[in-house]
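See structure below.
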2 protein chains.
Amino acid sequence: MSAVRTTPSDSATPSDAALPSDPAGPAPGRRDAEATKAVILRAARYLLARHAHADITLKAVAERAGVSPPLILKYFGNKDTLFARVMSFETDAGGLLDAPVRELGRHMVRYVLESQVERGADPVLRIVFAPLHGEHGEVLRANFRSQVTARLAARLDGPDAGLRAELALAALLGLGVMFGIARGAELRAAALDELVDRYAPAVQAQLTP
Amino acid sequence: MSAVRTTPSDSATPSDAALPSDPAGPAPGRRDAEATKAVILRAARYLLARHAHADITLKAVAERAGVSPPLILKYFGNKDTLFARVMSFETDAGGLLDAPVRELGRHMVRYVLESQVERGADPVLRIVFAPLHGEHGEVLRANFRSQVTARLAARLDGPDAGLRAELALAALLGLGVMFGIARGAELRAAALDELVDRYAPAVQAQLTP
């Protein structure tokens, strides 16, 4: 199996997980810690796209992240708290929804594509791996509902806000699937601005019909 | 783990996999065989959404389908030929794309939703489980590209047909994710015609911009 061919974008490869460290910066220790935490979270996400929750060990996360298991315990407590963090959309939803509603379609499409292209991650795509994780898949679904869908719906005016939020997010999830999992060749070759122009109107039509 | 709570729509449960049998029909033997094959294929799909290809045994498929392993061998040859069939989109693409291009947006949205609601399956959603399957995930991606995306692109007029086909399919895949995996409550409660009215324009806009 080639790591390059089988790595989806909702993940980090060791090579793109280099830890930034700027000795001239104001708080290098804190910045290193944040970068290391991010690498650990991305390693956990990578494994959650491929293995059932029950089969993933802290050791496997540590190996993929290139850190020691005790370091993971130091930052995240234990396996349960680490995965609770990975299964939360709280932080991602903050960035995804950070625009006025009238511009939110373009912002969300751009945010998903930039996350995929620049960070090799997707803010919401991990919901698609819910079937792998049994009861933990239900946690993922419940989090998605309360932290993403309900939060978007609460910002929409007009009737059927809940349904329109789900349909807008459906379009965004599909974009992530086509880019990061199906790896559509044309999509991956196109300019980001062109994709936003072509796809955002469909999302915006749900938000402000 | 509750079977009801954790069964995604891209699958069959034993209870909805009853074999139709009409003794007054013209060829009951053939019809039973086709129904049994369909049940076996759906059992294999169910398992492919939850386990790596390498970890799935014929015995597990047989147990889920409620048939004997030799019956699977009789119909499909061996595990490789069974999974080659499950990883092909050929048959599904035929139904999904079976409408004139000017009506194809509405047809495809309706086809995905009807498949989910009536058959507990989705014609294309299994592409999202590609990351689970290593090299076999690449087969799934290549099949999706040639059997679905390229076939749709070939029917579109105008520039950038390949990109527009990918974007139209992205919207459809997202609808399947939101309905069958994230299990959006509003989406699942809405009338099918209403969903087609709301979502199909976004798909059609890619097909005939």
Quiz item: How much length, in nm to one decimal, is gained on full extension between B:Glu103 and B:Val117, taken as 0.36 nm per residue of separation minus their Cα-Cα distance?
Solution: 2.9 nm
Quiz prompt | Charge dipole (chain A, unit charges on Cβ, about Cα centre) - positive-most of A:Leu175, A:Ile56, A:Val124 | solution = A:Ile56
Quiz item: Taking the label point 7 Å from Cα in the Cβ direction, how far apart in nm is A:Glu90 from each other copy of itself, listed shortest first?
Solution: 5.0
Self-check item: Calculated label separations, A:Gly77, copies of the chain, 7 Å along the beta-carbon direction, nm
Solution: 5.2
Exercise. Run through all the Cα pairs of the protein assembly as shown and give the fraction in each 10 Å bin from 0, expressed as whole percent.
Key: 4, 22, 32, 26, 12, 4, 1, 0, 0
Quiz item: Roughly to the nearest percent, how much of the accessible area of chain B is carbon and sulfur, given a 1.4 Å probe?
Solution: 55 percent
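Excluding ligands, DNA and RNA, what is the accessible area buried between chains B and A, summed over both sides, using a 1.4 Å probe, to the nearest 100 Å²? Present the calculation step by step, with values, prior to reporting the outcome.
On the way: alone 10810 and 10830 Å², together 17520 Å².
The buried area between B and A, both sides summed, comes to about 4100 Å².
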Quiz prompt | Inter-part distance where the range A:102-160 and the range A:26-68 are each reduced to a Cα centre, Å | solution = 21 Å
Practice problem: In nm to one decimal, list the spacings between the B:Ala35 label point and its equivalents in the other copies, with label points set 7 Å along Cα to Cβ, shortest first. | Solution: 6.3
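Kindly state, to the nearest 0.05, the FRET efficiency for A:Thr208 paired with B:Leu192, given R0 = 25 Å and r defined as their beta-carbon distance. Mind dumping the intermediate values first?
Working: r = 24 Å, r/R0 = 0.97.
Result of the calculation: an efficiency of 0.55.
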Self-check item: Cα-projected label distance for B:Ala142 with B:Thr81, points at 7 Å along beta-carbon direction, nm
Solution: 2.0 nm
Quiz prompt | Loop-resident sites, the range B:37-111, for trypsin sites (Lys or Arg not before Pro), counting at most 14 other Cβ within 10 Å (DSSP) | solution = none
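Given a 1.4 angstrom probe, what's the average accessible area per residue across the range A:90-207, in square angstrom? Provide the component values of the computation, followed by the final result.
Values: 3970 Å² over 118 residues.
The answer is 34 Å² per residue.
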Self-check item: Burial of 10 Å² or greater, the range B:99-137 residues [accessible area, probe 1.4 Å, versus chain by itself]
Solution: B:Ile127, B:Val128, B:Phe129, B:Pro131, B:Leu132, B:Gly134, B:Glu135
Exercise. Enter the accessible area per residue of the range B:29-86 (Å², integer; probe 1.4 Å; all protein chains in place).
Key: 49 Å²
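The values are calculated or read from the model by the stated rules, or taken from the named source; none is laboratory data. What you see is a predicted model, and the numbers here were worked out from it, not measured in a lab. Virtual Cβ from ideal backbone geometry, glycine too; neighbours counted across all protein chains shown. Calculation scope for accessible area: heavy atoms of the full protein, side chains included, ligands and nucleic acids excluded. Shrake-Rupley method; radii C 1.70, N 1.55, O 1.52, S 1.80 Å.
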